[in-house]
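Asks: Right, I'll just put the structure down here and ask away after.
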Amino acid sequence: MTILSTLWYFLVFLLIAGYFVLDGFDLGAGTLYPFVAKNEREQAIVRRALGPVWDGNEVWLLTAGGALFAAFPDAYATTFSGFYLAIMLVLFALIVRAVSFEFWAADSKWRPVWNVCFFLGSLLPALLFGVAAGNVVAGIPMDMAGNYAGVPLLGLITPFTLLTGVLGLSMFIAAGACWLSLKAPLNSELRTRVQAIRMPAQVVSIVLFVLLTICVLTGFGSVNTPPEHLAALQWILAALFLVGVIASLVIGRKDASSTKGDLWAFLTQSSAALFLVFLGAASLFPVLVNASADSVGAAITIMSAGSSELSLFCMTVILCIGLPLVLVYHVIIYRTFRGRVSEADIG
C-alpha cells in the first residue's frame, strides 16, 4: 500500500461524495416531482430549479467511474461486470430523464408521458445507487479471479442492501426537498408542500441510519473488520452525519419562512451526505469491494487492485489541473442562477 494508492482511494470516494451531494438533490427533486408539482406552472418551476445544473452535476458520476477504472481497474471490472444489469437500468433511467427534460417544453401533448419518465428516471438511480453501495459494504460472491459469481441483479438484493437503498433514497428526497424549498417562490403552495415532506424524509434517514449501524455492529451487514485506528474516525463521522441531518431539520422548522433558513437547511443536509460517504470510506478502508461469506475469492483491496505508481502519479497531475476547473465551473453556474425561480424564468 503506497501513499498514492491510499490518496486515490479517498479521492474516488470524494468524487462519489460530490455526486451524492450535487446530483443527490437533483434526483431527489425529480422523485418528489409528481407529489409536489400539481399543475404545469409548478412543474415548470421544479424543472427550472434543476435545468441549469443537472447535467453538470452528473459529470461527477462519470469522473468517479473513470477514476475507479484508472486507479483500481480490478475493482472497476468486478463491480461494473457484477452490477451490469443494475448499471444498465441506471444509465437507461438517466437517459430517459435527460430526454424528458428536453421534450417536456417542446411537446405539450406528451407532457404526461415525459412527467412519468422524469419521475422514474429520478427514482430508479436514487434507489439503486444505495443498493449498490450496500453490496460493496456487505460483500459479494467472487471467484478466484475476482469475478462476480452471484445471480445477476436478483443476487444483489438482500434485506441489508434494500435498507441501504432506502437510506440513500431518503437522503436524496430530503436534499431535493431542501433545494426546492430554496428555489420555489417564497409564499407559494409548492414550497409549502416541499417543506411538509422535508422533515419526514430527514427523520426516516436518521432511523434508517441507526438501523444500519446496528446491523453493521452486530455483523449482519458486513464481513469486513476495519483497522482499529480508524474506529474513532468512524464514530466521529457518524456523529457528524447525525448532527448535519438534525441541524437541517431544526433550521428548516425554526426558520421556515426565510431564504436564509432554506439555504442553511440545504447546506447542513448536504454536509450530512458528505459525512455519510466518508463514513463508508473509513469503514471499508483499505477494502474496495468486500467478499461475502460464501465467496471463493478474497476481497478486493487497494493493494491488490491498484494501478502502477506512474499511472497514479499522472492521474494526480491531471486531477490538480482538472478539478479546480470543474469547481470554478460549478461556482459560476450556481452564482449565475442563484435565487428563487421567478415568473420571468418560467416564462
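Values quoted throughout were computed directly from the atomic coordinates according to the rules given, and no laboratory measurement underlies them. These numbers come from a predicted model, not from an experiment. Ideal geometry is used to build each Cβ from the backbone, glycine not excepted, and the neighbour counts take in all protein chains shown.
Asks: With unit charges on the beta carbon (Lys/Arg positive, Asp/Glu negative), name the residue among 67, 282, 114 whose Cα is farthest towards the positive pole of the charge dipole of the range 3-346.
Replies: Value: 114.
Asks: Given R₀ = 22 Å, FRET efficiency for residue 260-residue 187 by Cβ-Cβ distance, to 0.05?
Replies: 0.90
Asks: Could the peptides 135-144, 165-174 be put in order, highest first, of the mean number of other beta-carbon atoms found within 10 Å of their residues?
Replies: Order by mean packing, descending: 165-174, 135-144.
Asks: Given the rule -39500 (n - 2.57) for each run of at least 4 DSSP H residues, summed and divided by the residues of the chain, what is its mean residue ellipticity at 222 nm, to the nearest 500 deg cm²/dmol?
Replies: -26000 deg cm²/dmol
Asks: Whole angstrom only: what separates the Cα centroid of the range 72-126 from the Cα centroid of the range 1-53?
Replies: About 13 Å separates the Cα centre of the range 72-126 from the one of the range 1-53.
Asks: Go ahead and collect, in residue order, the members of the range 130-168 whose backbone nitrogen is under 19 Å from a label point 7 Å along the Cα-Cβ direction of residue 230.
Replies: 132-140
Asks: Magnitude of the Cβ-charge dipole of the range 3-346, K/R +1 and D/E -1, about the Cα centre, nearest 20 debye?
Replies: 1120 debye
Asks: OK, next. Roughly speaking, what is the stretch gain from residue 144 to residue 85, that is 0.36 nm per residue apart minus the C-alpha to C-alpha distance, in nm to one decimal?
Replies: Value of the extension gain: 19.0 nm.
Asks: Return one number: the angle in degrees, 0 to 90 and rounded to the nearest 10, between the long axis of the Cα atoms of helix 111-138 and the longest principal axis of the Cα atoms of the chain.
Replies: Orientation of helix 111-138: about 30 degrees from the principal axis.
Asks: Take the Cβ-Cβ distance between residue 332 and residue 308 as r, set R0 to 35 Å, and report the resulting FRET efficiency rounded to the nearest 0.05.
Replies: Computed FRET efficiency for residue 332 and residue 308: 0.45.
Asks: Which angle from 0 to 90°, rounded to the nearest 10, does the C-alpha axis of helix 231-254 make with the longest principal axis of the chain?
Replies: 10 degrees
Asks: Taking residue 260 as the anchor, which lysines have their alpha carbon closer than 23 Å to its alpha carbon, excluding any fewer than eight residues away along the same chain?
Replies: 183
Asks: Which percent of the Cα-Cα distances in the chain go past 37 Å?
Replies: Tail of the P(r) past 37 Å holds 18 percent of the pairs.
Asks: Let me ask another. Sequence neighbours fewer than 8 away in the same chain don't count; with that in mind, list the aspartates and glutamates whose C-alpha is under 15 Å from residue 109.
Replies: Qualifying aspartates and glutamates at Cα under 15 Å: 40.
Asks: If one takes the longest principal axis of the Cα atoms in the chain, at what angle in degrees, from 0 to 90 and to the nearest 10, does the Cα axis of helix 259-284 lie?
Replies: 10 degrees
Asks: Give me the percent relative contact order of the chain, please, defined on Cα pairs under 8 angstrom at least 6 residues apart.
Replies: 26 percent
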